[in-house]
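Engineer: Attaching a single structure in structure tokens format; questions to follow.
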Amino acid sequence: MNIPEYNEIIEPNDQTEARREHLEKLREIVGNVYPNKFERSKITGEEDTITRIVVFATLVKNQHISKLTEGEKPSDEQREAANAELNQLRVRTAGRLAVPPRVMGKAAFVHLSDGVERLQIYVRKQDAKAINNDTRKIIEQENAAWELFNLLDHGDFIGVEGFLFVTKTGELSVHVETIQFLSKARFPMPDKMHDIADAEISRRYRYIDLIASSLRNKTDEELEEEKRTGVKKLTTREVFERRAKLISGMRRFLDDNGFIEVETPILTPKATGAAAEPFETYHNALDIKLYARIAPELYLKRLMVGGFEKVYELNRNFRNEGLSHKHSPEFTMLEFYCAYMDVNGMMDFAEAMIKESVRKATGGSLQVKYGESEIDFSKFERLTMKQAILKYSGFPMLDEILFESLANLRQLNAALLLTDLGKMEAGTAAGFTSATSDQELLKKSFEQRAEFVKENKNRLWKIAELFSVSEPDKNIAEENGITENEFEFIVRNIISEENDERKKAYIIEKSFEDYAENILGKIIQQTGKTIMKPTFITDYPKSISPLSKASPENPNVAERFELFICGMECANGFSELNDPQEQYERLIDQMKERETGDEEAMVLDEDYIRALSYGMPPAAGIGIGIDRLVMLLTNKHSIRDVILFPHMRPEKKNSTADDAKNAEEI
């Protein structure tokens, strides 16, 4: 077994050695250098954290000292009046040394932090006493506390007891009477003037990120920018506090509306409830293969069969798929179902819940800064998928194409494929050679394709029309500048009479993803628009929505919606299919897709069909991606920045600049 030595984990250097020596000397003074507890006072009504003391004592201070401008000091009369009251408040509190101690002769000042607020302490050599951690009594040895204080390092934890006062500069402080050593920081603290620049480090070692963010002093330029924009840059801790407030707000909203929170299995015998690639594991005692949950949907709907009319679960889901700035293999989803509600009622309910939860998370505002834009959560838009493509695609003829004839759909399909080829003008294909793979062609950047459509849409559409027939003429295509390789690429990928409805629906969905979903995220750069509205996209093709009811008006369309904000899908919901026979047939179609190579197609869950056969009321359900919603509320552009401990590749001992750049991009 290859077990690393302690010194291989904590690599020694001048700073760590100095801290180790300080620790040994502290041990001689106080005994146990890692005591079990420290009891804080309760003058604020609850346990006196540094934050609570600062808030409470500032109210007392402000009764005597009005708000001071920068550089202004309180008068002697003001200070004496404030101290007459503050000196009566004795506190016991603890925290981390937020800055290195500064000793001035026989006295010293230092700030303690609880990760949120800071409180200055004042230690005077002749006043302070040290606590022995073994006996929990005052050390009678002269100057023991002063010796202890001089062995403290930036980042150490100490507990202090004393009375409050205001200094000549007007700063709230604790005059320390007893000091107790609580824990040693063996590593030096991050630079107080800078955040951690390496995204890889901040995500891999979140504890360092939290420390650096809480101890960092904002520059004058940053403070001026916050004052100018009215938008405060959140610390790492504040990001996750806002996340907690969002989740708490959603829970409360659901609870107040009669929903019951439940827990369903994380390990399941079948990977069902969504179209995704699962993680696999094995249960030794039961001798069965299990899958990490990809969605709790089918279990929650089993509960509706059993009589729960309103049910929800805040769950962790796992999908063994790729990483990106908005995809994580482990993510948090809020999923809930309501009996006797349809897709329209669910959109209304979800909109009301999100508005209320956003308001609670932000402290009252429904307008949130995201990048250079502003998201306005007070205004939700609703568009059908067809309307969204029409609005954002740049193709003027699409109103006659979507959900209409196969020829028109083939033309749209060809236009998309031509765009993927990156043809910047008729007769040429940018970067296209006979050796170029289909996958490489499909990786053309969105910016290239968007610019291509903008400049060549009329010519593009004319060329695409050649492929609207079942057997395109290669000679006519060649006359219009389509090379043989390009022709074969399009014919190989275009839909045909033999393709089933799922393939046709996939093309419609792809056109939405390419021209609506992406442009919703890029709209600022292209149009200068600054206000972004959350948008419900409705009327998805039924064949790619196997758990959703069909629309009564159009049997090829599902009663389904997705919520998009700034180009990101944040929620997915629909009227739940409750006909067991139709559900069985839909899942059989999915199984056929798996047999043709679609690993993300759903599998048949026999027990779920059995459950539906006992009867499930009409219902609507929704899944909301918590991580993405938090990204939007905290102005973070990578999902890893809103997950405390995201999954990372194994650490490289000799990482390069390219590694750091790749981490930042993800």
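The values are calculated or read from the model by the stated rules, or taken from the named source; none is laboratory data. Note that the coordinates shown come from a computational prediction; the quantities given were computed from them, not determined experimentally. All Cβ positions, glycine included, derive from the backbone under ideal geometry; neighbour counts span all protein chains shown. SASA here: full protein model, heavy atoms, side chains in, ligands and nucleic acids out. Shrake-Rupley method; radii C 1.70, N 1.55, O 1.52, S 1.80 Å.
Engineer: Around L644, under 14 Å between beta carbons, what's the net of Lys plus Arg minus Asp minus Glu among the other residues?
Structural biologist: +3
Engineer: Points 7 angstrom from Cα along the Cβ direction at T69 and D127: gap in nanometres?
Structural biologist: 3.1 nm
Engineer: Under a Cβ-Cβ cut-off of 11 Å, what is the net charge of the residues other than K310 that fall near it, where Lys and Arg count +1 and Asp and Glu count -1?
Structural biologist: Here the count lands on -3.
Engineer: Here's a follow-up. Spelling out what I want: for every residue of segment 18-29, take phi, set θ = phi - 60°, compute 6.51 cos²θ - 1.76 cosθ + 1.60 (Karplus), and round to whole Hz; glycine and proline get x.
Structural biologist: 4, 5, 5, 5, 4, 5, 5, 5, 5, 4, 5, 7
Engineer: Also, I was wondering about something else. Can you give the accessible area per residue of segment 2-68, in Å², using a 1.4 Å probe?
Structural biologist: With all protein chains present, segment 2-68 gives 68 Å² per residue.
Engineer: Something else about it: If you count only protein heavy atoms with a 1.4 Å probe, what accessible area per residue comes out for segment 196-302, rounded to a whole Å²?
Structural biologist: Heavy-atom accessible area per residue stands at 54 Å².
Engineer: Taking Rh as the Kirkwood radius, which is the inverse of the mean 1/r over Cα pairs, what is the Rg/Rh value for segment 1-146?
Structural biologist: 1.05
Engineer: Multiply the residue separation of N257 and E24 by 0.36 nm, subtract the distance between their alpha-carbon atoms, and state the gained length in nm to one decimal.
Structural biologist: That works out to 78.1 nm of additional length.
Engineer: For a test of the definition: using alpha carbon positions, the gyration tensor, and the 1.5 limit on a/c, classify segment 239-333 as rounded, prolate or oblate.
Structural biologist: oblate
Engineer: Then there is this: Which net charge results for the neighbourhood of L151, defined as the other residues with beta-carbon distances under 11 angstrom from its beta-carbon, given Lys and Arg at +1 and Asp and Glu at -1?
Structural biologist: -2
Engineer: Quote the FRET efficiency, to the nearest 0.05, computed for N62 versus E569 with a Förster distance R0 of 56 Å and r equal to the Cβ-Cβ distance.
Structural biologist: Computed FRET efficiency for N62 and E569 comes out at 0.75.
Engineer: How far is it, in nm, from the label point at D589 to the one at D348 when both lie 7 Å from their Cα along the line to the Cβ?
Structural biologist: 3.0 nm
Engineer: Given H placed on each backbone N at 1.01 Å, which residues far from A185 in sequence or on other chains put an amide H within less than 5 Å of it?
Structural biologist: Placed amide hydrogens put D156, F157 under 5 Å from A185.
Engineer: Whenever you get a sec, line up I294, I609 from highest to lowest accessible area (probe 1.4 Å, protein heavy atoms).
Structural biologist: These residues rank, largest area first, as I609, I294.
Engineer: In whole percent, how big is the carbon plus sulfur part of the accessible area of segment 213-336, probe 1.4 Å, protein atoms only?
Structural biologist: Reported share for carbon and sulfur atoms: 51 percent.
Engineer: Using θ = phi - 60° and the Karplus form 6.51 cos²θ - 1.76 cosθ + 1.60, what ³J(HN,Hα) does each residue of segment 137-152 get, whole Hz, x for Gly and Pro?
Structural biologist: Per-residue couplings from phi come out as 10, 5, 7, 7, 4, 5, 6, 4, 5, 5, 5, 4, 4, 6, 9, 7 Hz.
Engineer: What's the extension gain from R492 to E238 if we count 0.36 nm per residue and subtract their Cα-Cα distance?
Structural biologist: Between R492 and E238, full extension yields 86.3 nm more.
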